[in-house]
Amino acid sequence: MAPVCGLLWLGLQSFERQRQALDTLTAEKLDTELQARTTAAARQAFVDKTHPIARDRFVIEQGTVVTPALRAPLPAQAPPEFAEAERLELTLGRPDLALPAYRALLDTHRWDALASSRIARCLSRLGRTTEARTTWRTLAQSHPDARDLSHRPFGIVAAIEAGETQGLYEQIASGRWVISGEQAEYFLNTLDPVRTSPYLERFRFAREVQDKFRPNDSPRPGEVQTSRLNDRTIFYRAENADRLTGFALDQAWVDGTLRPELERELGMTSRTRQDLWLYGGALALVLLVLSAGVLLLLRDISREARVNRLRSEFVSGVSHELKTPITLIRLYGETLLRHRNLADAERDGFYRIITRESDRLGRLVNQVLSFSRVERGDQTYALEEGDPAPVLAGIVKDYGELLARAGFSVKCSLPTSAPAVRFDAAALSQAVVNLLDNAAKYSGESREIVVRLQAADGCVTFEVEDHGVGIPPAEQSRIFERFYRAPNRTATGGYGLGLFMVRHIMEAHGGRAEVESEPGRGSRFRLVFPVVSEWAHTAS
Ligand code: ADP
């Protein structure tokens, strides 16, 4: 595990270094290219007046910022036609007389807007406020772009006088009228003293340009120059000796549009990064495979250790199993030899024990031999078609007698005939005896064993049921493994081959071995054979 972790760490380090190197390289390349593109776009913006790189354009004439204008031009004189009306209104202080004079001017249609504003003014001086307001309202609607003598649009002043200011702030802030900075600040402040508008920014910027911007002493006309003003970048160009145009760079546009565009174009996000991720992916894959290998190795080692342990348990189990019958045979053989004058019944009893123990010995040796043949792949079965019922009945009867002598009652539910199956009589006997033997070994307090034979759903099923210790669910899938012996088993004698052989035999018969069990309540083991027609069908 330690080398894998080491490799993983080195891999991650290398990946991180590559990533950082790539990032630095990318950033440098991008910066150089971005600068070149920004300059090109700025140049273009002097031709294309709507270019998005330019924010807050300005024009300087003879050293003064004229666009956006910070101050409005000086107020104009009223046209001479207004002289008489003005005299009546302002000098004599007679708005009542001035009113018809202004109205007369309306008739000429040349001074509609100005005359209307004077009429409204006179009306309000005469206290005719409703009429005054109506006049202002009409003026705001009919001549929004006309200006008063102070160059203020009637769209704004008349609307304010009429008290019709809804939406006016937004209109002004959207640049609906070209007005000076002072006018903009005044109007917006009048309309809403609390609110601030980005619209005013351009005037603030123009003021900064006016106060602090110092262009090159003698810029060559037409040449685009750049400079910094506070935190902003400015591009400017001398149109002639007296006029200079320029704008502030829109950094948000450069970062939000130009830079991503460039990144895409240079394929930085795609190609190089893809390579890096590919490298990272390959590295991860190699490490994954390596870790999986180590895990498999560890699993193999532990499995090998387990098999070795099981093997040695097996050897001691078999030896133990061999010892008992051999001891008994020798004991009773010697007794028979030494005591010639034994009663017949007693002698018969000893002979029976010797026969039973040699049977057991024979079975044990057979089991071990067939297991070793299975291990070598040499085990063969002579399958013959026939009725298994009489054969099974014979096996159960023979082994049942042995069990009966050990105090078990074997209840049989065996029909006299069953559908034909293919089977090897010796192997069948081995499987059945293994099941009966286990039923007795793991019977606990119970002394009852039930055997059944049934035919249903194209199968012939032989079942051995006991009411013994049972098997926990987690172990049920493992008991058919070779050498497997459930832990904490109280039963002695056993070496973990019985069920392995049962399963092997049943698979060779095209059938299966099944178990159903509940701890403390007992188990049912089944040998399931396909009936001949089904068997032939599945085998083909
Ligand atoms: P063993 O020689 O240990 O009996 P088997 O392969 O015949 O080997 O059985 C494997 C294990 O299955 C046993 O050790 C036992 O734990 C469990 N087992 C088999 N048959 C029964 C049964 N009828 N009741 C409870 N447990 C059983």
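Rule-based calculations on the coordinates, nothing more; no lab input. Note that this is a predicted model, so its numbers are computed, not measured. Here the Cβ positions follow ideal geometry from the backbone for every residue, glycine too, while neighbour counts run over all protein chains shown.
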Would any residue of the stretch 108-143 have its amide N under 11 Å from a label point 7 Å out along Cα→Cβ of Asp96? List them or say none.
126
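Rank these for me by crowding, Val65, Val194, Val365, Val532, going from fewest to most other beta carbons within 10 Å. Don't jump to the answer; show the numbers that get you there.
Details: Val65 24, Val194 5, Val365 13, Val532 16.
So the residues, fewest neighbours to most, are Val194, Val365, Val532, Val65.
Return the Rg/Rh ratio of the stretch 273-354 with Cα-based radii and a Kirkwood Rh. All intermediate terms of the calculation are to be shown ahead of the outcome.
Numbers: Rg = 31.5 Å, Rh = 18.6 Å.
Rg/Rh: 1.70.
All other residues with a Cβ under 13 Å from the Cβ of Gly386 taken together, and with Lys, Arg as +1 and Asp, Glu as -1, what is their net charge?
On the way: positive: Arg422; negative: Glu384, Glu385, Asp387, Asp424.
Summing Lys and Arg as +1 and Asp and Glu as -1 gives -3.
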Please sort 155-161, 20-26 by packing, taking for each peptide the average over its residues of neighbouring beta carbons within 10 angstrom, highest first.
155-161, 20-26
What are the extents of the Cα atoms of the chain along their three principal axes, in Å, largest first?
172, 59, 44
Packing rank of 28-40, 112-124, where each peptide gets the mean count of other beta carbons within 10 Å, highest leading:
112-124, 28-40
How big is the dipole moment of the chain about its Cα centre under a simple scheme where the beta carbon of each Lys and Arg is +1, that of each Asp and Glu is -1, and everything else is neutral? Debye, nearest 20, please.
900
Give me, ordered by chain and number, the residues 5 or more places off Phe58 or on other chains with an amide H under 5 Å from its own placed amide H.
Gly246, Phe247
Computed over the stretch 130-186, Cα set: Rg, Dmax in Å:
10.8, 32
At q = 0.13, 0.19 Å⁻¹, what is the log10 ratio I(q)/I(0) for the stretch 80-178, with the Debye formula run over Cα points and no solvent?
-0.45, -0.88
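Could you list the GluC sites (Glu not before Pro) in the stretch 440-477 that lie in coil according to DSSP, counting only those with at most 12 other Cβ atoms within 10 Å of their Cβ?
Working: sites: Glu445, Glu448, Glu463, Glu465, Glu475; in loops: Glu445.
Within the stretch 440-477, the qualifying GluC sites (Glu not before Pro) (loop, at most 12 other Cβ atoms within 10 Å) are Glu445.
Grab the beta carbon distance between Lys29 and Leu149, set R0 = 51 Å, and tell me the FRET efficiency rounded to 0.05.
Numbers: r = 60 Å, r/R0 = 1.17.
For R0 = 51 Å, the calculated efficiency reads 0.30.
Kirkwood hydrodynamic radius of the stretch 10-53 from all distinct Cα pairs, in Å?
Working: mean 1/r = 0.0786 Å⁻¹.
Computed over the stretch 10-53, the radius equals 12.7 Å.
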Amide H proximity to Tyr495 below 5 Å, modelled H, separation 5+ or other chain, gives none
